[in-house]
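Notes for the one structure printed next.
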Amino acid sequence: MFDLRPYQKKQKILADWIPWGVMLDEQTIVNKDGSYMTVIEFKGPDGGSETASMLTNFREQFNNIFQRFGDRWCVQVEANRHAYKPEIHPMPKDAPRAAKYIEEDRLGMFGNGQYFITSCYLILTYLPPEDSHRKVADLFIEYPEGQERPNPQYPPFATYQKVIGETVSLLGGVVKEVNVLKNEDLLSFLHSTVSSRTHRVAVPDCPIDIAEKMTDSPLDIGLGLRLGGHHVSMIGVRNWVNVTEPNMLDSLFMLPFEFRWCIRFLPMSRQMAHSHVTKLKRHWFSKRKNLFTLMKEMASKEESQLEDPDARVKADDADHALAMIGSDDASFGYTTMSFCVWDVTSEAAESKANVLREATDRSGWITQIESTNAFEAWLGTIPGHAYANVRRPITSSHNFCDVSPLMHQCAGERWCDHLNAPALMQCATGASTTPYWLNIFPCGTDVGHTMIAGPTGAGKSTLLNLMAAQWMRYEGAQVYIFDKGGSARVMTYAMNGQFYDLGEKESALQLQPLRELDSKLDRTRAFQWVIDVLTRENVPLSVSDKEHILEKIDQLSSRPQDERTISLLIAYLQFPHLKQGLYNYSSEGAYGHLFDGDCDPLGSNRWQAFELEGVYRMGLALPGVLSYLFNRLEDRFASARDVDAGVDKNGSPITKPTLLILDEAWLFIDNDMFRGQIRDWLKTLRKRNVAVVFATQSLADIEASPIAATILESCQTRILLPNPTAAEKHMRRLYEELLGLNVEEMDKLSVAVAKHNYYVISDVGRRMVSLSLSKKQLEFVGASQPARQRMAEDIFGDHPDDFFEYYLEAVKRERALEVAEEEAKNSMFKKGA
């Protein structure tokens with residue numbers, strides 16, 4: 001006979017173990033046991049830069065949320081760390097080749113599988129009371145005449161919705177972002193917890209049997225687990241630390257692989273918790289003294305001082321717990337914490353599990369890699385599963401908050417809402433493997449002004465060069481740099497820009513301050529420029545002198561533009577003391593090579609850099625140069641309307657995004673006239689889509705400046721460089737009073753690595769980041785050495801239009817030569833040995 005029993009027997013499949021039943025609405029799952037489940041994605045506060053007191057304050061705020069849940073609730077928190085896949089946003093077609101070269105290299109670095117991002121979720125599950133409870137309650141409730149009895153089918157769900165709404169509202173007051181998962185987002189998250197394939201999941205037309213639809217990967221159960229094509233290792237907590245602290249497991253987010261960190265809290269009612277803790281107290285109190293000690297006390301009628309110290313401590317701990325229950329300081333329940341790692345081979349999965357286990361054990365925990373209990377432990381991590389792998393030690397909601405992944409590593413903002421484009425650039429969060437997006441227009445603001453402060457040699461020039469190069473990702477981008485020391489020379493040549501060394505007589509930049517005289521505003525500017533020059537030359541000016549100067553400027557305006565020179569103005573002037581005062585600025589004077597030009601030196605190039613070190617040594621010439629350049633840049637900003645870009649969402653013409661870098665900003669804030677210009681720019685240039693990057697070596701310069709308040713108020717993004725003296729008393733005052741840093745942050749700055757770490761402060765959060773620069777990128781953004789600048793000048797002199805290609809070739813030859821020399825040295829060393 002043919003045996004049909006093997007075919008008639010129902011085989012248990014993975015979906016049978018998963019609790020999800022029906023999708024009741026866009027954000028609620030009804031589980032198979034009748035419970036309701038909602039998933040909330042959140043980004044908690046960044047605990048990495050907070051003091052212990054601030055972390056405790058955050059813990060208390062979370063505790064106030066979680067202790068509200070009673071014994072029919074299941075609270076789960078999951079941190080899902082997954083590989084980062086960078087979104088590719090091509091640079092504009094007209095972007096310089098060097099900018100594309102740097103961007104491609106950075107995309108390759110961040111897309112190599114070595115960077116990970118973490119998403120945190122709060123899963124709330126509520127099991128309504130049985131119908132028998134409701135029927136008993138109805139016996140004691142009378143409803144007024146005319147008032148309908150509530151529909152018995154929906155009161156539990158209405159109560160559940162109300163609690164969810166209150167929780168989201170309370171959570172929004174603590175965390176940075178909170179979002180209730182709905183539709184595809186909800187199903188995609190659930191699918192990611194039970195499948196080895198992560199992808200978007202569409203909402204089915206008939207959203208029932210959710211568990212059946214989500215489980216697309218087979219699960220093999222044995223001493224280990226295999227989910228689809230991945231071997232899964234589970235790490236469980238066997239013994240808790242004696243004392244928990246807020247954010248105590250934050251170091252796990254530095255691990256360089258994917259994992260799920262799941263913690264579940266099954267709260268008790270107040271009465272149940274009191275009963276359980278009282279039993280524990282009695283148990284440990286009775287353990288203080290053994291039978292022999294008790295008999296001795298009875299015989300001597302004297303109390304013995306001999307006690308078991310461990311039992312005494314645990315009895316006192318239970319006493320403290322009873323006090324917390326009585327005062328409603330915390331709730332109590334069963335807490336289960338598990339970790340899930342996976343890989344395509346069992347050896348790789350076990351290796352990851354060992355690394356994670358060691359990282360956890362360093363905090364004082366006792367963990368183990370699950371074997372026979374692996375499947376039960378895995379089920380305990382499934383959202384909405386309140387029954388598997390329940391660990392019985394009673395813990396408080398304070399403990400639950402301390403060990404849950406509620407804090408978040410600030411990762412910046414991926415998207416710049418103001419420019420409707422990606423953030424300026426990607427970095428890495430300090431020593432960890434989490435990417436960071438630097439957006440200098442944080443939280444949708446239109447203010448991109450940025451302050452960079454730190455000692456010399458700490459990496460300021462490298463950061464400025466990288467920011468400028470990455471700025472070219474924006475359509476129509478413009479960059480203007482006031483440089484000192486030539487650190488922007490190589491980058492400017494590579495970007496097909498114009499680099500003007502104002503201190504050199506052979507410089508291509510010969511200014512013509514009197515060229516623009518056609519409008520009344522132009523003539524007023526020219527008049528003020530001449531008056532400022534004469535004032536610095538200590539020429540006494542009377543009212544008649546000023547009238548005479550203005551008259552001659554009006555006369556000069558009738559001449560062709562190429563004739564409106566300083567020399568011609570001197571020829572027009574009739575007063576000898578005025579002629580003598582302007583002599584140094586004529587072609588025969590000391591500064592004539594700078595100021596007595598007959599053409600417009602500033603072309604239409606979108607990238608221009610002005611080297612000020614040479615002209616700074618000239619003393620009186622510097623204000624004249626800066627005044628002229630500031631006026632010309634004002635004109636460039638005002639005419640930077642991008643006609644092809646149309647209008648923005650408010651109907652205003654779109655202005656080309658412009659980055660204005662003021663390196664060594666003390667040059668500007670030391671001068672009364674330029675202080676006013678900087679103050680005006682910081683307040684008004686945002687309207688012209690200009691972001692001012694204000695870089696300085698000394699915080700003391702800012703503190704002493706009359707415009708310190710304007711600088712600090714306008715620069716919403718601040719980047720601080722490593723400073724070994726940051727922890728010293730005199731520097732602590734500056735960091736604390738000017739920038740609001742706490743002790744933890746100042747200590748971090750004092751031990752940070754120069755030219756590697758940068759501390760970013762913005763409305764988004766605070767985080768120590770690194771630029772993650774490769775050798776290829778450093779050949780451009782870090783090429784500030786005098787020898788490299790001389791090489792670049794030689795190449796640019798021979799190949800101004802193809803500098804990038806020839807420079808890259810020269811760098812490759814230099815590298816090859818260095819490698820050959822190193823090999824030769826090693827060969828000689830081996831022979832000598």
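Before moving on, here are some points about what is shown:
- Listed by position, the helices (runs of 4 or more DSSP H) contained in segment 574-641 that have at least 2 residues being in contact (Cβ under 8 Å) with a residue 12 or more places away in the chain and under 38 Å from the mean Cα position of the chain (by Cα) are 613-616, 621-638.
- Residues in segment 70-84 that are under 21 Å from the mean Cα position of the chain (by Cα), farther than 13 Å from residue 338 by Cβ and not hydroxyl-bearing (Ser, Thr, Tyr): 80, 81, 82, 83.
- Count of residues meeting criterion [buried (at least 20 other Cβ atoms within 10 Å of the Cβ) and of a type in the set (Val, Ile, Thr)] in segment 361-394: 3
- None of 184, 212 is without any contact (Cβ under 8 Å) to a residue 60 or more places away in the chain, among the acidic types (Asp, Glu) and part of a helix (DSSP H, G or I) except 184.
- There is at least one residue in segment 232-250 that is assigned to a helix (DSSP H, G or I) and touching a helix residue (DSSP H, G or I) at 6+ places or on another chain (Cβ under 8 Å).
- Within segment 316-335, considering residues that are of a type outside the set (A, V, I, L, M) and crowded, with 23+ Cβ neighbours inside 10 Å, the one farthest from residue 393 (Cα to Cα): 331
- Conditions (1) in contact (Cβ under 8 Å) with a residue 60 or more places away in the chain; (2) buried (at least 23 other Cβ atoms within 10 Å of the Cβ); number of the one not met by residue 456: (2)
- Cβ-Cβ distances below 6 Å connect the following pairs, each with a first residue in segment 552-570 that is without any contact (Cβ under 8 Å) to a residue 60 or more places away in the chain, a second residue that is among the small types (Gly, Ala, Ser), and a separation of six or more residues or different chains: 553/526; 566/586; 567/586; 567/587; 570/586.
- Within segment 324-366, being part of a helix (DSSP H, G or I), under 21 Å from residue 69 (Cβ atoms) and aliphatic (A, V, I, L, M) holds for 324, 325.
- Segment 578-611 - residue that is touching a strand residue (DSSP E or B) at 6+ places or on another chain (Cβ under 9 Å) and modelled with pLDDT of 85 or more and, of those, surrounded by the fewest Cβ atoms within 10 Å (Cβ to Cβ): 605
- Considering residues of segment 774-810 that are part of a loop (DSSP other than H, G, I, E, B) and touching a helix residue (DSSP H, G or I) at 6+ places or on another chain (Cβ under 7 Å) only, the residue surrounded by the fewest Cβ atoms within 10 Å (Cβ to Cβ): 774
- In segment 454-467, the count of residues that are among the hydroxyl-bearing types (Ser, Thr, Tyr), in contact with a Gly (Cβ under 8 Å, 6 or more places away or on another chain) and within 28 Å of residue 76 (Cα to Cα) is zero.
- Residue check, residue 760 more than 30 Å from residue 706 (Cβ to Cβ) and touching a Leu at 6+ places or on another chain (Cβ under 7 Å): no
- In segment 349-374, the residues that are within 22 Å of residue 254 (Cβ to Cβ) form Cβ pairs under 7 Å with partners that are aromatic (Phe, Trp, Tyr), at six or more places apart or across chains, as follows: 349/342; 352/257; 356/259; 356/339; 365/240.
- Matching residues in segment 368-401 - criterion: being closer than 18 Å to residue 272 by Cβ and among the hydroxyl-bearing types (Ser, Thr, Tyr): 387, 395, 396, 397
- Residue satisfying all of: in segment 723-744; in contact (Cβ under 8 Å) with a residue 40 or more places away in the chain and over 20 Å from residue 456 (Cα atoms); surrounded by the most Cβ atoms within 10 Å (Cβ to Cβ) among these: 742
- Total residues in segment 516-541, condition touching a Leu at 6+ places or on another chain (Cβ under 8 Å), in a helix (DSSP H, G or I) and more than 23 Å from residue 588 (Cα to Cα): 1
- Some residue of segment 717-731 being polar (S, T, N, Q) and closer than 24 Å to residue 439 by Cα: yes
- Top-ranked residue of segment 542-560 - restricted to ones that are touching a Leu at 6+ places or on another chain (Cβ under 8 Å) and surrounded by 16 or more Cβ atoms within 10 Å (Cβ to Cβ), ranked as farthest from residue 576 (Cα to Cα): 557
- Filtering segment 376-398 for residues that are modelled with pLDDT under 90 and over 24 Å from residue 249 (Cα atoms) leaves an empty set.
- Counted residues, segment 55-99 - those being part of a helix (DSSP H, G or I), in contact with a helix residue (DSSP H, G or I) (Cβ under 6 Å, 6 or more places away or on another chain) and over 30 Å from residue 255 (Cβ atoms): 3
The values are calculated or read from the model by the stated rules, or taken from the named source; none is laboratory data. Model, not experiment: these values are computed from the prediction. As a convention, Cβ positions derive from the backbone with ideal geometry for all residues, glycine included, and neighbour counts pool all protein chains shown.
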